[in-house]
Every structure is written in C-alpha cells, then in structure tokens.
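Novice: So that we are looking at the same thing, I have put the structure below in structure tokens.
Each reported figure results from applying straightforward, stated rules to the coordinates on display, with no laboratory input. Just so we're clear, the structure is a prediction, and the values are computed from it rather than from any experiment. Here the Cβ positions follow ideal geometry from the backbone for every residue, glycine too, while neighbour counts run over all protein chains shown.
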Amino acid sequence: MNAKKLVFAIGFSALMLSGAEPAAAAQAENLVKDGDFSQKQSSPKAFGKWWLGNLPKDCKAAYDTKDFKSQPQSFCLESAGNTIALRQTLPALKPNTKYKITFFMKMENVVLKGKYGGARLNIYSDRNHWCPATKFVTGTQPWTPYETVFTAGPNTNTDAKRSAYMLLYLMNASGKVWFDDVRLTEVK
C-alpha cells in the first residue's frame, strides 16, 4: 500500500471510529415539522406546527411532559368515545415518490365504540396511507415503534383539493393514546 492510500485508510477509519457519518450516509430530512412536540402551544387548538380540527367536549388534547419517548414531551389524545385528531399539512410531499413514516405510540385502555376505529396515523396524499397499514390499534401497550413505507399518489399537492396532510388519530374509541418522535422521510 502506498503512502497516500495508507493516509486515506487511516483518516477514514478515524472518521468512522469518531462516530461521524460520511456525507452519503447522512440522515434524511424529516418532512414532519415538530415531530418531537418541542414547540410551544400558541392557542387552544394550535400546538407548535400541529392543530386540532375540532375538540369534542368529551375529548382532551395536550402535551405530556412526564411520559414521552423523546424529550421534551409527547402528545396525548384522550376521548370518551368521539373521534379526535391532531393534524399537520405536508407541503413538501411530492407526487409518485416513496416515503417512510416512523413514530412511537403508547396506549391506555383504548376501546372501540363504533364499527371501526382505535388509534392510528393517517397520511393523505391524493389517497389515504395508514400506519399501521392493516388496522386501527386498540387496548393498552407501552411505547411501541411503528413504520410504514408508501408511495404518494400521482396528484399529491398538485392543487388545493389534493393538499397533503397527516393526522394522529383516536377514532371512535375511548381511552388515551400518546404519539412521539414522528418522522417522515423520502426513500431514495
């Protein structure tokens, strides 16, 4: 091995041992703004970059600074049976593009009150993408990771009727659900 190759090999090894990542392996940009719920509540229905469409009288929505997966807090939805959802627009979603959504969810006594429902995350491009993909979740569970890969529809964000958004749902169910560390990244 010549001197130049040896210096490169030693330098690269030191970079890897230091924990630094080469530029090509850098983490993809999170398209969810405030996915760790660190921003302040600015009104009764606005929580950082998230907001509530409606708040039925038997529902509660709040930050939880005592029970979270990543600091400083998580977000908790609580209902006696009505649907409640926290929403965020996704203007950066591109048509016909593959994405991965990851998040953590915790539940306490989530009981179905209608024909279908429970806790779940929904992304609307020009069609619905659900996570978990197969069904709503009910019951009680500790912090659990979820992940789904999907391809945004061909008309995503092409006009006002097809504006992309995300919903954190507690639908047609009673109980509590917490969400934290919500990440949406493009799959390249």
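Novice: How high is the relative contact order of the stretch 28-186, given as a whole-number percent (alpha carbon pairs under 8 Å, six or more residues apart)?
Specialist: 34 percent
Novice: Same structure, new question: Where is the GNM fluctuation largest for the chain (alpha-carbon springs, 10 angstrom cutoff): Thr156, Thr138, Thr65?
Specialist: Thr65
Novice: Ordered by packing density, taken as the mean number of other Cβ atoms within 10 Å over each peptide's residues, highest first, how do 54-60, 29-35 rank?
Specialist: 29-35, 54-60
Novice: Under unit Cβ charges (Lys, Arg +1; Asp, Glu -1), what dipole magnitude, rounded to 20 debye, does the stretch 79-188 have relative to its Cα centre?
Specialist: Value, rounded to 20: 220 debye.
Novice: Which shape class applies to the stretch 29-97: rounded if a/c is under 1.5, otherwise prolate when a/b exceeds b/c and oblate if not, where a ≥ b ≥ c are the square roots of the Cα gyration tensor eigenvalues?
Specialist: Verdict is oblate for the stretch 29-97.
Novice: If we sort 125-131, 83-89, 159-165 on the protection proxy, mean other Cβ atoms within 10 Å, highest first, what's the order?
Specialist: 83-89, 125-131, 159-165
Novice: Another question about this same structure. Would you list which aspartates and glutamates come within 15 Å of Lys176, measuring only between C-alpha atoms, while excluding same-chain residues fewer than 8 positions from it?
Specialist: Asp58, Asp64, Asp67, Glu78, Glu108
Novice: Helix 3-17: angle to the longest alpha-carbon principal axis of the chain, degrees 0 to 90, nearest 10?
Specialist: Result, in degrees: 20.
Novice: Let me ask something additional. Just list whichever of Lys57/Lys188; Lys57/Lys106; Lys49/Lys106; Lys66/Lys161; Lys115/Lys188; Lys49/Lys188 have alpha carbons separated by over 32 Å in the model shown.
Specialist: Lys57/Lys188; Lys66/Lys161; Lys115/Lys188
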